[in-house]
Amino acid sequence: MSSSTPAFLNRSFTFIGALGAILIFAVIIYIAYLPNRADRVDAAVVADRQAKADEARAAGIAKLNAFAVVNKEAGTVRIPIELAKELTLNNYIADESQSVEAPAEAPNQVLE
């Protein structure tokens, strides 16, 4: 029984030592590299691209949420997306209620 106790202690110390070595390595990497990271070479390009992307996104959102005349001769206009969704949904609901009522009237006409 006394021979198993040193083996258990040896395994535990080995595990704790290996874990400690890994943690010390991680701390050294953090101290040496992460806080001292240099600025990107293309930081100005990245900032310019981000500004252009923000402008494009804002223009798209403005286009989706505004009224506008697309083609005056054809009578085509642009309406806000939320209004378009609501009108489309109401249109489908109205079409569905008419199609449900139509078959109910058709058998009466056939029977007469």
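The values are calculated or read from the model by the stated rules, or taken from the named source; none is laboratory data. Keep in mind that this is a model prediction, so the values were computed, not measured. Cβ coordinates were reconstructed from backbone atoms using ideal geometry, including for glycine residues, and neighbour counts include every protein chain displayed.
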- Item | Long-range neighbours under 9 Å by Cβ, at least six apart or interchain, first residue within 23 Å of ARG78 (Cα to Cα) and free of Cβ contacts under 8 Å to residues at least 60 places away in the same chain within the stretch 46-65, second surrounded by 10 or more Cβ atoms within 10 Å (Cβ to Cβ) and of a type in the set (A, V, I, L, M) | LEU64/ILE81; ASN65/ILE81
- Within the stretch 48-84, track down each residue that is surrounded by 11 or more Cβ atoms within 10 Å (Cβ to Cβ) and part of a helix (DSSP H, G or I). ASP48, ARG49, ILE61, LYS63, LEU64, ILE81, LEU83, ALA84
- Note on the structure: Listed by first then second residue, the pairs whose first member lies in the stretch 74-87 and is within 18 Å of ILE61 (Cα to Cα), whose partner is aromatic (Phe, Trp, Tyr) and at pLDDT below 90, with beta carbons under 8 Å and at least 6 positions apart or on separate chains, are none
- Query: Does ALA68 count as under 30 Å from LYS85 (Cβ atoms) and touching a strand residue (DSSP E or B) at 6+ places or on another chain (Cβ under 6 Å)?
  - Reply: yes
- Query: Restricting attention to the stretch 28-61, which residues are closer than 30 Å to PRO80 by Cβ and of a type in the set (D, E, K, R)?
  - Reply: ARG49, LYS52, ASP54, GLU55, ARG57
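Among the residues of the stretch 27-42, is any modelled with pLDDT of 90 or more, assigned to a helix (DSSP H, G or I) and either out of contact with any helix residue (DSSP H, G or I) (no Cβ under 7 Å at 6 or more places or on another chain) or among the aromatic types (Phe, Trp, Tyr) (or both)? Steps first, please.
In the first step, residues of the stretch 27-42 are kept if they are modelled with pLDDT of 90 or more; the result is 27-28.
Next, from what is left, pick out any that are assigned to a helix (DSSP H, G or I): 27-28.
The next check asks that each one be either out of contact with any helix residue (DSSP H, G or I) (no Cβ under 7 Å at 6 or more places or on another chain) or among the aromatic types (Phe, Trp, Tyr) (or both); those that pass are 27-28.
Yes - at least one qualifying residue is present in the stretch 27-42.
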